[in-house]
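Every number here is computed from the coordinates shown, using simple stated rules; none is lab data. Note that the coordinates shown come from a computational prediction; the quantities given were computed from them, not determined experimentally. Positions of Cβ are backbone-derived with ideal geometry, glycine not excepted, and every protein chain shown enters the neighbour counts.
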Amino acid sequence: MANNNENKILNVPNLRFPEFSGEWSSQPLTDFMNFKNGLNPDAKRFGRGTKFISVMDILNNQYICYDNIRASVELQDGDIETYGVDYGDILFQRSSETLEDVGRANVYLDSKPAIFGGFVIRGKSKGNYNPLFFRYLLASPTARKRIIVKGAGAQHFNIGQDGLSKVSLDIPRLSEQEKIGKLLQCVDARIATQNKIIEKLQSLIKGLAVALTTKEKANIAISQCLECHSSTLQESEVLSSGLCKVFGANGLVGYKDVPQMNGDAILVIKDGSGVGTVSYAQGKFSVIGTLNYLTVIGNNDLRYLYFALSVFNFQPYKTGMAIPHIYFKDYGKAKIYCPSLAEQKRVANVLDKLESKLFVEQELLASFNQQKLYLLGKMFI
């Protein structure tokens, strides 16, 4: 690829295929598509019929195809003619709770007819653009900034057909559009493959953890293997830098200079939506009050106990309606299977190797996602 970083005049992207030249043209979206708000059918019509594109289909799919649309609706006369979606049409998220998500877009890549819902705006293709290119163009940082400023609202944000039609973006010729679209499609395909690799590894680890830590009758209470430690640290007390890490329900949340723990421990989320989720920490660290950390007691292997708790059923020990909680005094009475120390170490060693492989694959996924973000930032104007 050609790097155009030194070019300060021509209207071209920083990163470009070398066979292309000439400036890109700035054009409003209305030059490429006609806009229309979606259908709001009666609830009784849902459940069967023609596929019905919602905001979730826009956000949760790489591309929208007939088979990955979740909802269906019975049609009435004129619905297809008025609200039909064809190959190459762009679907925009019309309404969002956050301004950053207003106007997010996806493309319909299927020959089967579908219709679109009321929180969606359809950009009906005029047939003069490459659909894949526009899928990525509309996800680029520049496009997102120009679309977001057209959003309006206070607590809930909306964008209208008129606002979208006036968004101007820089567009190359069709041949260059096609090549950019194919490249980014390949990157997305690799990301999708990487996600499947990670899902399979996670499934394998979980399956083996269940098989190896429950293959015999439970013989020892959790409280006889592990000691529970609590924390009163609040996230507002956490620093942006420091000598030791601080963990919260979503992982690393910051730093402190004085650690609560220096060694290995199992972290357990004790309240909130992720209650019962376990992770492993090493070295000097602290946790905020939504977590407990468990340390080993007696002649047991902490890594084995970590894998045993990762597949332990915390559900019977949850309390609270709005915000669920678990307490060590309750689930600590439950028994798990603990073989001899030598057997614990063998099991932990097998699962450790698989988990290390998982971490490598997750880092690889992160690098692919960073690559995609880089290309979105450099291949568009």
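Would you mind getting me the FRET efficiency between Asn68 and Asn299? Use the beta-carbon distance for r and R0 = 51 Å, nearest 0.05.
0.50
Taking H placed 1.01 Å from N in the peptide plane, check which residues at least 5 places from Phe247 or on another chain put their amide H under 5 Å from its amide H.
Here Val253, Ser286, Val287, Ile288 satisfy the definition.
Return a whole-number percent for the relative contact order of the range 24-171, with Cα pairs under 8 Å and 6 or more residues apart as the contact set.
34
Would you mind calculating the relative contact order of the range 47-108 from Cα pairs under 8 angstrom and at least 6 residues apart, reporting the percent as a whole number?
37
Using r as the Cβ-Cβ distance of Glu363 and Asp77, and R0 as 56 Å, what FRET efficiency do you calculate, to the nearest 0.05?
0.55
For the range 327-332, in order, what is each residue's ³J(HN,Hα) by Karplus, 6.51 cos²θ - 1.76 cosθ + 1.60 with θ = phi - 60°, in whole Hz (x at glycine and Pro)?
In residue order, the calculated couplings are 10, 4, 4, 8, 6, x Hz.
How much length is gained on full extension from Leu239 to Leu10, taking 0.36 nm per residue of separation minus their Cα-Cα distance?
78.0 nm
Counting pairs on different chains as well as pairs 8 or more places apart, how many Lys pairs in the range 171-283 have Cα atoms under 29 Å apart?
Qualifying lysine pairs in the range 171-283: 17.
Give the distance, in whole Å, between the Cα centre of the range 25-104 and the Cα centre of the range 285-300.
48
Compute log10 of I(q)/I(0) for the chain with the Debye formula, placing one identical point scatterer on every Cα and leaving out solvent, at q = 0.06, 0.09 Å⁻¹, to two decimals.
After summing over all Cα pairs, the log10 values are -0.36, -0.75.
If I take every Cα pair under 8 Å that is 6 or more residues apart in the chain, average their sequence separation and divide by the length, what percent do I get for the relative contact order?
16
If you stretched the chain out fully between Lys215 and Glu23, how much longer would it get, using 0.36 nm times the residue separation minus the C-alpha to C-alpha distance?
This chain segment gains 62.5 nm when fully extended.
Only helices at least 30 Å long along their own axis, judged from Cα atoms, and with Kyte-Doolittle mean hydropathy of -1.0 or greater: name those in the chain from DSSP H.
Counting only whole DSSP H runs, the qualifying helices are 174-213, 341-378.
Can you list residues from other chains, or at least 5 along the same chain, whose modelled amide H is less than 5 Å from the amide H of Gly242?
Result for Gly242 returns nothing.
Quick one: what are the phi-derived ³J(HN,Hα) couplings along the range 22-34, Karplus 6.51/-1.76/1.60 with θ = phi - 60°, whole Hz, x for glycine and proline?
My calculation for the range 22-34 gives x, 7, 7, 9, 8, 9, x, 4, 5, 6, 10, 7, 9 Hz in order.
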